[in-house]
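Report on the following structure.
Rule-based calculations on the coordinates, nothing more; no lab input. It should be emphasised that the depicted structure is a prediction, and the values quoted were computed from it without experimental measurement. Here the Cβ positions follow ideal geometry from the backbone for every residue, glycine too, while neighbour counts run over all protein chains shown.
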């Protein structure tokens, strides 16, 4: 019994230690790299499957073609991302798991599959 309790404590310590190392106050960062030829005017995040979008994460910034931006303070979870270019064309990427700090790349190929 004592070995089981000790093993359980070690496992909990390992899990929370690893999670704490990759997050800051329970939030994460998503680095978006724009490898497309289009400038992105707005980026919105929403919990996957809800159809509701949070505020524009770019604010007054523009995610230029060839550029990148870090979106911070994201709680862990599965997200849908809405990208809007300067002509108001929208493209949605669905079910992006964000459970660690990570990157995601916008490409011309991916944008070409979005309805306009």
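At-a-glance table
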item	result
Those residues of the stretch 62-79 which are more than 22 Å from residue 48 (Cβ to Cβ) and surrounded by 12 or more Cβ atoms within 10 Å (Cβ to Cβ), in sequence order	62, 64, 65, 67, 68
Single residue of 58, 82 found to be surrounded by 11 or more Cβ atoms within 10 Å (Cβ to Cβ) and under 15 Å from residue 33 (Cβ atoms)	58
Among (1) in contact with a strand residue (DSSP E or B) (Cβ under 6 Å, 6 or more places away or on another chain); (2) under 16 Å from residue 104 (Cα atoms), the one test that residue 64 misses	(1)
Extreme residue, farthest from residue 54 (Cα to Cα), among residues of the stretch 86-101 that are surrounded by 13 or more Cβ atoms within 10 Å (Cβ to Cβ) and out of contact with any strand residue (DSSP E or B) (no Cβ under 6 Å at 6 or more places or on another chain)	100
